[in-house]
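Colleague: My structure is below; once you've seen it, I'll send some questions.
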Amino acid sequence: MSVTIGQIQEAVARTREARERMLQHRSTDAVIAALAQAAKKWLDTNSRWRARAVAQAPEPTGFSEAMVNEAINLTFGALTYEAFGELLDRELGNRRVLDEFCLRGRAHSKAVGPRLIAHFLAGNVPPPGILSICYGLLLRSANIVRVSSRDPVFPALFVESLREVDAELADLVAVLDWPKEETALTQAALSQTNAIIAYGDDNTVAALRKLAPPEAQFLAYGHRVSFAVVAKEAMNSENLPALVQAAAFDVSVFDQQGCLSPHVFYVEERGELGPRKFAGALAEAMAAYHSKIPRGTLSTEEAAVVTQIRQAYEFRGASDRRVAVWASETGNDWTVIYEDDPSFTPSCLNRTVFVKPTDGFKRVLDNVQRFAGKISTVGVAPMNERAMAFAGDLARMGVHRVCPIGQMQRPPLSWHHDGRPNLADLVRWTDVG
Amino acid sequence: MSTDLQQRILAFIRGAPDNFDALAMEVFEFQRERNPNYRAFCDRQPKPAHWKEIPAVPTSAFKDFVIACFPVEEAVAVFHTSGTTRDRAGKHYFKTLELYDAAARPNFEAHLLGARASRPFGDVFPEHNGRDARAPELTPISLIPRDPHSSLSHMIDVVAPHAQPFRTDITEPVIVLGTAFAFMNLFDSGVRAKFPAGSRAMETGGYKGRSREVPRRELHRLIREHLGIEHVINEYGMTELSTQFYDERPGSDIKDVPHWARVLIMDPQTGKEAAVGERGMIRVFDLANLWSSLCVQTEDIGVGHADGRFEVLGRAAGAEVRGCSLNAEMLK
């Protein structure tokens, strides 16, 4: 249900007042503890919050109930006291700089978060939105959160669960929903904002940038693609079962909707087992994952796009030995396409993935060059010295993260999201001395 | 045997009694035998017992393979799809244009020239002998550039051989032929006209990737408003087919299916025929495609009616895609 301008203005005033009240007496450590405690409430299998999300989220998100459960484990499992502490220490040097002047070099410095942050969430996968709210609270900012119609559930329920732990802290957040075409409402939310965190496609981000007050910080997280590379030394019969299980997880989780979801696996040739073996084994692992955690419901259009790609490759595969397709027997729940052509092929998503042979890491760089600047994560197996050298090449290309296959969907809290810090860009410093 | 089949289909299109179901199965066998790529594809699937089960050739295959049942050196025409640079164009090879022309003319005349009331598929068009006696005299003017590799350009040559380039200073009733994109360009450049009563317009094709997209109803409204033409009909055709489908009448989105063709709406989730009224992917069976592919799986979304007619709702690839991940469509 959309809100009115008056309601947005009221939410801005209310969250800002809550911030003033809280700033007086709360320590960062207490905020971390409250956030971690709220997250923990979700993890228990009998959790009320879990039950409510499982009941409410499948409809708007399109995820299966089992996928919602998996999303809860991934999202809230990462929000521990230690992880938050590490994030603050790493980005600000010391988490206490938010509470008091701390000696940094020759001066004493204190960091202050924005008075008001407006968050514009994308709703494709839950973790970024929940994290965004946590960042705002760690900095003790007031937060206006515009949810996507794709996922109004997770952000609202999280703040509600936080309220149970710490109502004073939860008062710093207002979760609202309005159509993004309603620019008057967006303007109302932005008028007093000091910082904007925007997730979404280029058009969404550009539209927000136009409406944002010129002096406000603007952090945008746009569209990205990810892929993975399997080195020949990983391609042996001993490794393969665990490797494809990890790979199937990276592709299938969140039904491949996230920026971190791989579109292509490049498999190096001349290993003990060949790239086709990997494709076949990956297909089996994707089937196994699907039987545990089914793919969600697709719109006719989304399903048609998957079916089109399948039919195109199935027709080719019938007479072209350079192409092969493994596909779920009923429905179009998962599809693995093996193709000799090494050029990077973005997938139509929803658990459709390409496997391509490569004769080396250097060659992969050429094949993905066209997408330089748009690549989020590269999964690699195994993470050895050769992989580290490759990571150096990928860094020069502007890739933001290199990690083991199986970890693509589990970035640590302290990662550089899209290559930048999460909190350090938002604070302002006062130095004494 | 092949020319025999061609003659039978030609006669069937022209109204001779025959049986679609039996003809379709014969054409399937004919194509399976003569196209090794199609045969390899069919060999991986259950043998069809009914025309509805005949394996469909996806439109993408016209890019990846030669979809022809004759040596293509003998082709009298090759029509190309309008592919983008990255996307190779699909090619449709024609051993003869006889079937295409026979299918195009009466179908066009029945929907654009005739005063014919709409009837469901299965009706038989009158043997074509020049223009339908009931048809008004209309001066054809075309917005479609001539192009030897365009299926649409050829169709215009067949149905309106004396079409003149578009102009507004014509005093007798006209029939304006153009793509949706061409009409929009015309209006964007400020062209306005008031063609005499009884004038008609046919628009066709999408706007994919073009600067300005308007819904079909809006386009028809603009044609009425800016050209003064009340009778506006959408044509649904594609390079990979030999038969076109027209709105049953102005203001209706329902496409008539001529008796030599069938359209099924396929559920993309199950791969089976979608229930009447359910959205799905449009699959066309076109007997006039004897020398290429009887059964073509399009990339369009549609909805079927109980009488075999259908509506076109749009392209699947234009779907709003969830997710922050880039996808194939956005990276094109």
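Colleague: Considering A:Ala312, A:Ala381, A:Ala318, which residue is more than 9 Å from chain B (Cβ to nearest Cβ) and either in contact with an Asp or Glu (Cβ under 6 Å, 6 or more places away or on another chain) or not β-branched (Val, Ile, Thr) (or both)?
Modeller: Details: A:Ala312 fails: more than 9 Å from chain B (Cβ to nearest Cβ); A:Ala318 fails: more than 9 Å from chain B (Cβ to nearest Cβ).
After applying the criteria, what remains is A:Ala381.
Colleague: Quick check, is B:His80 in contact (Cβ under 8 Å) with a residue 24 or more places away in the chain, loosely packed, with under 14 Cβ neighbours inside 10 Å, more than 14 Å from every other protein chain (Cβ to nearest Cβ) and of a type outside the set (Gly, Ala, Ser)?
Modeller: In short, no.
Colleague: Just to be sure before I move on: is B:Leu331 surrounded by 17 or more Cβ atoms within 10 Å (Cβ to Cβ), at pLDDT below 95, within 9 Å of chain A (Cβ to nearest Cβ) and over 30 Å from B:Arg34 (Cβ atoms) in the structure I sent? Before the answer, list the steps.
Modeller: Working: surrounded by 17 or more Cβ atoms within 10 Å (Cβ to Cβ): no; at pLDDT below 95: yes; within 9 Å of chain A (Cβ to nearest Cβ): yes; over 30 Å from B:Arg34 (Cβ atoms): yes.
So B:Leu331 does not fit the description; no.
Colleague: State all residues of region A:62-95 that are free of Cβ contacts under 8 Å to residues at least 12 places away in the same chain and either open to solvent by less than 10 Å² (accessible area, probe 1.4 Å) or within 23 Å of A:Phe249 (Cα to Cα) (or both); if no residue qualifies, say none.
Modeller: A:Glu65
Colleague: Has region B:94-109 got any residue that is within 14 Å of another protein chain (Cβ to nearest Cβ) and either outside any helix (DSSP H, G or I) or buried (at least 19 other Cβ atoms within 10 Å of the Cβ) (or both)? Please lay out each step first, then the result.
Modeller: Start the filter on region B:94-109 by keeping residues that are within 14 Å of another protein chain (Cβ to nearest Cβ), which leaves none.
Within region B:94-109, not a single residue is within 14 Å of another protein chain (Cβ to nearest Cβ) and either outside any helix (DSSP H, G or I) or buried (at least 19 other Cβ atoms within 10 Å of the Cβ) (or both).
Colleague: Also: If you check A:Ser291 against the conditions, is it open to solvent by 20 Å² or more (accessible area, probe 1.4 Å), out of contact with any helix residue (DSSP H, G or I) (no Cβ under 9 Å at 6 or more places or on another chain), polar (S, T, N, Q) and modelled with pLDDT under 95?
Modeller: no
Colleague: Something else: Does B:Arg322 satisfy the criteria of being closer than 25 Å to B:Val214 by Cα and at pLDDT below 95?
Modeller: Considered against the rule, which asks whether it is closer than 25 Å to B:Val214 by Cα and at pLDDT below 95, B:Arg322 comes out as yes.
Colleague: When region A:213-243 is examined, which residues are found to be among the hydrophobic types (A, V, I, L, M, F, W, C) and touching a Ser or Thr at 6+ places or on another chain (Cβ under 7 Å)?
Modeller: Correct list: A:Ala216, A:Val225.
Colleague: On to the next question. Give A:Val336, A:Val402 a once-over and let me know the one that is more than 21 Å from the chain's Cα centre (by Cα), part of a strand (DSSP E or B) and modelled with pLDDT of 95 or more.
Modeller: From the options A:Val336, A:Val402, the qualifying one is A:Val336.
Colleague: I need the full set of residues from region B:138-194 which are in contact (Cβ under 8 Å) with a residue 60 or more places away in the chain, of a type in the set (A, V, I, L, M) and open to solvent by 20 Å² or more (accessible area, probe 1.4 Å), in order please.
Modeller: B:Leu152 - this is the single residue of region B:138-194 that is in contact (Cβ under 8 Å) with a residue 60 or more places away in the chain, of a type in the set (A, V, I, L, M) and open to solvent by 20 Å² or more (accessible area, probe 1.4 Å).
Colleague: Okay, moving on. Taking region A:185-220, which residues are in contact with a helix residue (DSSP H, G or I) (Cβ under 7 Å, 6 or more places away or on another chain), in contact (Cβ under 8 Å) with a residue 40 or more places away in the chain and either within 14 Å of chain B (Cβ to nearest Cβ) or open to solvent by 50 Å² or more (accessible area, probe 1.4 Å) (or both)?
Modeller: Scanning region A:185-220 gives A:Gln192, A:Ile197, A:Ala198, A:Tyr199.
Colleague: Hey, among A:Glu182, A:Glu233, which residue is away from chain B (no Cβ under 14 Å) and at pLDDT below 95? First the steps, then the outcome.
Modeller: Values: A:Glu233 fails: at pLDDT below 95.
Just a single option satisfies the conditions, and that option is A:Glu182.
Colleague: Here's another thing I want to ask about it. Filter region A:109-129 down to the residues that are surrounded by 23 or more Cβ atoms within 10 Å (Cβ to Cβ), away from every other protein chain (no Cβ under 12 Å) and aliphatic (A, V, I, L, M), then identify the one that is farthest from A:Glu17 (Cα to Cα).
Modeller: A:Ala111
Colleague: Right, next: Restricting the search to region A:295-323, which residues are under 26 Å from A:Pro241 (Cα atoms) and surrounded by fewer than 19 Cβ atoms within 10 Å (Cβ to Cβ)?
Modeller: A:Arg321, A:Arg322
Colleague: Would you tally the residues in region A:130-173 being surrounded by fewer than 23 Cβ atoms within 10 Å (Cβ to Cβ), more than 16 Å from A:Pro60 (Cβ to Cβ) and in contact with a strand residue (DSSP E or B) (Cβ under 6 Å, 6 or more places away or on another chain)?
Modeller: Here the count works out to 1.
Colleague: Moving to a separate point now. Does any residue in region B:45-59 that is more than 13 Å from B:Leu287 (Cα to Cα) come within less than 6 Å, Cβ to Cβ, of a residue that is loosely packed, with under 15 Cβ neighbours inside 10 Å six or more places away or on a different chain, and which pairs are these?
Modeller: Sorted first by the residue in region B:45-59, then by its partner, the pairs are B:Pro55/B:Gln45.
Colleague: Shifting gears a bit: Of all the residues that make up region B:58-72, how many are at the interface with another protein chain (Cβ under 9 Å from one of its Cβ atoms), within 18 Å of the chain's Cα centre (by Cα) and in a loop (DSSP other than H, G, I, E, B)?
Modeller: Number of matching residues: 2.
Colleague: Kindly check whether there is at least one residue in region A:331-338 that is within 14 Å of chain B (Cβ to nearest Cβ), at negative phi and open to solvent by 40 Å² or more (accessible area, probe 1.4 Å).
Modeller: No, every residue in region A:331-338 fails to be within 14 Å of chain B (Cβ to nearest Cβ), at negative phi and open to solvent by 40 Å² or more (accessible area, probe 1.4 Å).
Colleague: State whether one or more residues within region A:387-410 are more than 9 Å from every other protein chain (Cβ to nearest Cβ), out of contact with any Phe, Trp or Tyr (no Cβ under 7 Å at 6 or more places or on another chain), charged (D, E, K, R) and within 30 Å of B:Phe62 (Cβ to Cβ).
Modeller: no
Colleague: Could you check, for region A:261-276, whether at least one of its residues is farther than 27 Å from A:Asp359 by Cβ, open to solvent by 30 Å² or more (accessible area, probe 1.4 Å) and not basic (Lys, Arg)? Give the steps one after another, and end with the answer.
Modeller: Kept after step one, since they are farther than 27 Å from A:Asp359 by Cβ, are these residues of region A:261-276: none.
Among the residues of region A:261-276, not one is farther than 27 Å from A:Asp359 by Cβ, open to solvent by 30 Å² or more (accessible area, probe 1.4 Å) and not basic (Lys, Arg), which makes the answer no.
The values are calculated or read from the model by the stated rules, or taken from the named source; none is laboratory data. Every value quoted in this text rests on a predicted model; they were computed, and no experiment measured them. With ideal geometry, Cβ positions are generated from the backbone for all residues, glycine too; neighbour counts draw on all protein chains shown. What goes into the accessible areas is simple: the full protein's heavy atoms, side chains included, and nothing from ligands, DNA or RNA. Shrake-Rupley method; radii C 1.70, N 1.55, O 1.52, S 1.80 Å.
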